[in-house]
Every structure is written in structure tokens, then in C-alpha cells.
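The values are calculated or read from the model by the stated rules, or taken from the named source; none is laboratory data. Keep in mind it's a predicted model, so treat the numbers as computed, not measured. In this analysis, Cβ positions are derived from the backbone assuming ideal geometry, glycine residues included, and neighbour counts consider all displayed protein chains. Accessible surface is based on the protein model in full, side chains and every heavy atom, while ligands, DNA and RNA are left aside. Shrake-Rupley method; radii C 1.70, N 1.55, O 1.52, S 1.80 Å.
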Amino acid sequence: MAENGEDCTLNCPSETRDKGAYDDIESRSPKTPLVDIKSNRKKNDAGQADREIPVYLPQPPSLPRLSKFGKSVSAEETVRTRRLRNSQESLSDRAETGSSTDSLREDRLSPRNEQDSNTKLTNFTIGSPVLQDRKSRPAKHEKRSQSQQSVWEDHRGRSAKIRLSPLRPTGPLPALDKTFASAALKAVNRIDRDCLDYGMLVKEKGGKRLHRNLSDSRLLENMGSDSVSVSSMKSVYSVLSPIRPQDVRNRSFLEGSMLGSGALLGAEELDRHFPDRRVGVYVVTWNMQGEKFLPANLNDLLLPMDSEFAQDIYVIGVQEGCPDRREWETCLQETLGPHYVMLYTASHGVLYLTVFIRRDLMWFCSEVEHATVTTRIISQIKTKGALGVTFTFFGTSFLFITSHFTSGDAKVYERILDYNKIIEALALPKSIPDTNPYRSSSSDVTTRFDQVFWFGDFNFRLSKERADIETIMKRTMGGDMSPLLEHDQLTKQMKDGSIFKGFQEAPVHFFPTYKFDIGCDNYDTTSKQRTPSYTDRVLFRSRQANDIRVLKYDSCSSIKTSDHRPVIAVCQVKLRPGRDNIPLCGGMFDRSLYLEGIKRRMTARELKRREAISSQNSSTICTIS
């Protein structure tokens, strides 16, 4: 009897074992706790709802199981198959491929996962089935409730597996600095090179270096003390400043505000864009000698490498300009690039005057006006004379004059007459209001503006023989040109007060700019043997003392397409807030010229890139055969 029952228990499948077989095994086996088999409970619960489902079932026999094809499978192959099936289920199950955060969430939702995992491990480690005493079995309703709870918990914790506990630090972590920032955050808050010039100005109060558009205290009042917050604000407001709705309601743009509070040209807007209230002005004068062939590159003329920053306003005056004025302006736009737009251009015969401004500053300019004066007896001949351009920037009025005076070594008096005629006949301003009419004079146009720049080919010479001038130039050391300027006609007339009254000139540290042989650095070698002279000059005048500060005054020796060398002056000009009672230009600029210049700039860069690639491909220095 015992042998038959034992054989029946071992050979029959677990789901077909009846209650009598369990009782017979319980009477002959040692009494040890049974193991909970979830798969059997789930199947019985789903397939036979009315049948009493045992909670504690015996362990399956350790005999080899039969595959679907009836072949015997060893224990090692069974474990290998189970591992493969578990790995495939883990890859296909979303819960198994979740993050560490999801795993921790599953552990919190199913507290019995650890117990079920231990139970599974026990199932694999126990070799023979053992049964518990019949008296320890629960009642039918308790067994059914426990079975339902087990099935529900098994559904929730089905994908649970053994996980390693999180690592914990052995000691206290070091304190973080207030200015910490991760590498990724630093990369996100990086400011482009094109916008670096916005943040390099120094705030006068406190001496702190702040971003130009972050100079308003309202933008910094809610920011933290760490540099991460400041960098984040820089990345967002690197070009434009935020405006609150209340400020938009209160502003009196174009309404003639007298107090300037909230005005477009008022103090708040001025301080936001120029905390030190100084604008950079770049002035160029050049006698082109009418050459039709322009220099291949104007970078040295407009963007010299010894300057740390580009300036805000570029004013280029040309005498004896090239025949194609549009081509000259396109070359200027191509050199200055997309950050600048041509605010205004005017011409008087072969005199050209062009104004470029940074495109985010053109909204603070008034309308631009120009006037011309001919100093020749016959007015139709426009080779000598003057061309003036004026506009108001914020509350400061500017006047730029380029002129070409009478030539000749001994014609000093004629040049003085040219000057007097220009200041009397140049009819400016026309419709732009005078910022200080009480200090203006009807007989001198230069007194009607706050800042005046007068530049051009004045044709004043060095009144000494050429041999003596060349000897002085050879003895000149350290850029001291005072021995040469002692013979300069313009310097002498300015000291006497007969010309350019109230004007100043920065110290001269460059050699004479006239007259050269074209294409080289040799002074005139023709039969005329003209004396080297300082014919090309840049002078300035301001209503308030020290409003104009010259940073650089030099000649451009790399431009050799003319017998004159260009002269440049880089200045910092004081600005004052204005009122919205002037006609604004409304952001007008030459759009077609802008597009043509940018197109050429892109084409030139592409050609350079292709040339560099072709030169690398044709090089045989590093070729490995």
C-alpha cells in the first residue's frame, strides 16, 4: 500500500494529485513547513473556482521532466532553459527594463517581493517534498482569501527580482560652494562670441563688470547670489532686455515727453544700453585717387587686430572716390558683416560719406540729414568742397564733415577761404531740433551740434624742403613726430586761430600719409618729387570739455592702392539722454545693400573653405604610400 501510494505521488503531475495522495504522504513524511507555489495557486484559482485550493503544496519530484516531444531533459538543461526564458521575459517586459527609480517604486508598492523571491529560491534549493501537519491548515474561507490576496500580490510583484541595495557614503559629503555649476550647465549658459561685446562694459558704481543688458537693478533684484543664476540670465537676455507690461503702459514713445521718464531716448534706456554713457565712433578718411580697383580686403582698414572691440558707429569719408560708389558701399557692408547696417550715405561729386551703425542701435537715431558745399568758383565742378551728415543719437547731436581743400604747397590762404565758406554755407540742421540753441551761431555750423568730427584731405603741407624732411624722418625715434609737425601748415594755422576754431587733434604718431608711389611704401619718385606731408587729418570739437576721448589715431599702411594712406580715429563719445520730440528714423536702412553684402561675405568664406580643402588634398608632405 505504501509503495503504491509513493509511486503514484512521484509519477503523476502536480495538478492531478488528489487529496488522498496528500494525506497518505503526510502520514509517512516528516512534518516540516511546506513551500508556497504561486503558479499552482494561480492556475487552480482561474480554472476551478469551486474547488478547494490548497495554499501549501508539496514540492515537485526531483525526477527529470519530459519535454513536449517526450524526451528526457536533464536538470542542467532545465536551469539553462529557465534562464533563457527569464532573460527574454526581462527584455520584453517594460517593468524589467525600467530605471532604478521605477525599481524602487515597485519595491515600495509590493512589500512581499522580497519574501516571494526568498520563497522561489527555497523552491530551487529543497530537494525532497515535505508536508506540514494537517492541524496547521487554515479554514476554507481563510484559504480562499489568502489565495486571492496572493494572486493580486503576485500580479503586482510579478516582475520583481533580487536587487542590490543602494550604496551609501561612508562619511559626510563636502559642502558645496555657492558658485557651483555643472559642466552641462556651463555649456548651456555659454554666450556666443558675437554677443561678447554686450557684456564687457564696466559699471561705474561699485566697479563690477556686469552684462550691458543686465545693468538695470530691476533685473537683478530677484536673482540668487550664485553665478549659475547670473549665467542663466545672460543666456536669456544676451541681446534684448526684458520689458514689463507696466513699463510698456507708462512709456511715452514719440509723444514728446519733456521729463524723459520712460522715453525711448530717456535716461533709463540710455543706461540700459550704455552704462558708462559713452558710444564708440570709428572715423575713416581716405583719398582714393579715383582708382577703379578697390582693395581686396578692407579688414585692416575697418577691423584692425590691435583693437579689442568693434565700435558702435562707423563713419567713412572718401575724397576722389572710385567711379562705382555702390560697389564701394557693398565692400564696406561685406567687411562689417551682419552686425552693422548702413544708416545713411551721401555724395557730392567724388566726395562720399557713409554711416554704418550697429543694427540694434538704429532705433535710437533721429532722421539723418545732409548738405553739401562747393568751394570751386564754378559750382558744377564738384572735386573740391564739403559734405556734411547730421543726426541725433539719444540726446546728443552729431555732425560729420568730410572735405577736400585746395591743393598746392603754397596755397594756405585759399584753404582758409575754403574753410570759412563751408562753415557759413553748410545748411544744417534742417528739421532736427537743436539740442542747445542758446550756444549756436548762424555763421558757424559747427556750433549747432554737441559733437563734431571734421576729416578729409585738407592738403596742408610741410613747409620745408624734401631733403630736410627725409632727414628728420630718419632721426625720428619712438613715434615722436613733433619735429615734423613744427613745419606743418595746419598746426601753425590752428595755433594762430585762423582756421578750425575750437577744434582739437589727437597726438600724431605716424609718418606723413602723402605722397606715395602706388603699390609700395616709397614716397613720390616722379619728376615732381613732392614733399611728404600730413594732408589727411581727423579733427573734433565738442560743446562740453572732455566729451570726446581719442583711443587711437593712426594711418593704415597696408592699403596701398592710392597715393594717400587712409587715416583712422577711434573715439569714445559722451552721450546724454534725450526726449521723444525728434523725428526718428524708425529703423530705416538700405536693405538691398545689406543682403548683397552678406551674400558676398558668405560666398567669400565658402571659397576660402574650398581653397583650404583643395590645398590639403593636393599636399604631398604627409602622404603615406
*Sum up the charges of everything whose Cβ sits under 13 Å from the Cβ of residue 559, counting Lys and Arg as +1 and Asp and Glu as -1, but leave residue 559 out.*
-4
*Does region 285-333 come out rounded, prolate or oblate by the C-alpha gyration tensor, with a ≥ b ≥ c the root eigenvalues, rounded set by a/c under 1.5 and, if not, prolate when a/b is larger than b/c and oblate if not?*
prolate
*Rounded to the nearest 10 Å², the accessible area of residue 293 at probe 1.4 Å*: 150 Å²
*Set the Förster radius R0 to 56 Å, insert the Cβ-Cβ distance between residue 546 and residue 606 as r into 1/(1 + (r/R0)^6), and round the FRET efficiency to 0.05.*
0.75
*Could you give the length gained on full extension between residue 303 and residue 347, defined as 0.36 nm per residue of separation minus the Cα-Cα distance, in nm?*
13.5 nm
*When only the heavy atoms of the protein chains count and the probe is 1.4 Å, how do 494, 588, 481 rank by accessible area, highest first?*
588, 494, 481
*Show 411, 384, 599, 574 ordered by accessible area, largest first, where the area counts protein heavy atoms only and the probe is 1.4 Å.*
599, 411, 574, 384
*Give, in nm to one decimal, the length gained when the segment between residue 363 and residue 498 is fully stretched (0.36 nm per residue of separation minus the Cα-Cα distance).*
44.7 nm
*Give me the Kirkwood hydrodynamic radius of region 427-530 in Å, from all C-alpha pairs, to one decimal place?*
16.8 Å
*Ignoring everything but the protein chains, give the 1.4 Å probe accessible area of residue 335 in square angstrom, nearest 10.*
20 Å²
_As a quick test, which of the pairs 292/560; 492/552; 474/560; 292/528 have an alpha carbon distance above 19 angstrom in this structure?_
492/552; 474/560; 292/528
*Name the residues of region 454-468 whose amide N is less than 15 Å from a point 7 angstrom out from the Cα of residue 524 along the C-beta direction?*
458-468
*asked:* Given the whole protein assembly as supplied and a 1.4 Å probe, what does the accessible area of residue 383 come to in Å², nearest 10?
replied: 50 Å²
*Placing +1 at every Lys and Arg Cβ and -1 at every Asp and Glu Cβ, with all other atoms neutral, what dipole size does region 507-625 have around its Cα centre, in debye to the nearest 20?*
400 debye
